[in-house]
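I have placed the structure first, in the form of structure tokens, so that the comments after it can refer back to it.
The values are calculated or read from the model by the stated rules, or taken from the named source; none is laboratory data. Just so it is clear, the model here is predicted, and its values are computed rather than measured. Every residue, glycine among them, receives a Cβ derived from its backbone with ideal geometry; neighbour counts consider all protein chains shown. Ligands, DNA and RNA are stripped out before the accessible areas are found, and what is left, the full protein with its side chains, is counted by its heavy atoms. Shrake-Rupley method; radii C 1.70, N 1.55, O 1.52, S 1.80 Å.
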Amino acid sequence: SADTTVRLWDLCGDHQQSVLALRHHRDKVQALAWHPAEQALLLSAAYDARACVADVRSPGAARSWQLGVGSDPEAVAWDPHRPHLFVVSSEDGTVRCFDARSDGEAVWDMRAHRKAASAVDFNPAAAGVLATGSADKTVKLWDVSGAEPQLIATKDLELGKIFDVSF
């Protein structure tokens, strides 16, 4: 949220306050994604130029990765076929892939779009296929199974800016 926290709510219980507030970011939180296999792991990205993975069972500690300077994050996604990998898209059109098992630099990065890369999603049925959507009005499919992403297809759906993609 804009108050720099990630809040978890019990939708069946008390709606007056959150059950848990994670405070590992220093600026507005933009994107969240639960891990596809490890249900307690939550990925977040914020305007503090960091992606973080927190285990909600131990909320005091979160691992973080630097996203780079000059561009705010837009969306995040875990790779369901290689669950140690996640991607973060940015307002400058960049998509970066990180390995949650290690600290440091991105596994790969690419300039996916000319404008904000506002959406990312992995194909759950086809390993190594990533979709990106953008303010440049295009949806692109990428083969990310190798060391460097390869463009598979680009489509302008004539719908205007793309804010979400999903398989």
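Among the trypsin sites (Lys or Arg not before Pro) found in segment 43-99, those both in a DSSP coil and sparsely packed, with 11 or fewer other Cβ atoms within 10 Å of their Cβ, are 57. Overall size of segment 1-124 from C-alpha positions, given as principal axis extents largest first: 44, 29, 25 Å.
Nonpolar atom fraction for segment 1-129, defined as the carbon and sulfur part of the 1.4 Å probe accessible area, stands at 48 percent.
Working from Cα pairs under 8 Å separated by at least six residues, relative contact order for segment 59-141 is 23 percent. Mean sequence separation of contacting Cα pairs (under 8 Å, at least six apart), scaled by the length of segment 112-152, corresponds to a relative contact order of 30 percent. Over the chain, Cα pairs under 8 Å with separation of 6+ residues give a relative contact order of 12 percent. Candidates 35, 89, 107 compared by Cα position along the dipole of segment 10-132: farthest toward the positive end lies 107, with charges placed on Cβ.
For segment 1-83, chymotrypsin sites (Phe, Trp or Tyr not before Pro) are listed when DSSP marks them as loop and at most 13 other Cβ atoms sit within 10 Å of their Cβ; the list is 9.
Lysine pair count for the chain with Cα-Cα distance under 19 Å and sequence separation of 8 or more or different chains is 8. Magnitude of the charge dipole for the chain, about its Cα centre and with charges confined to Cβ atoms of Lys, Arg (+1) and Asp, Glu (-1), is about 80 debye.
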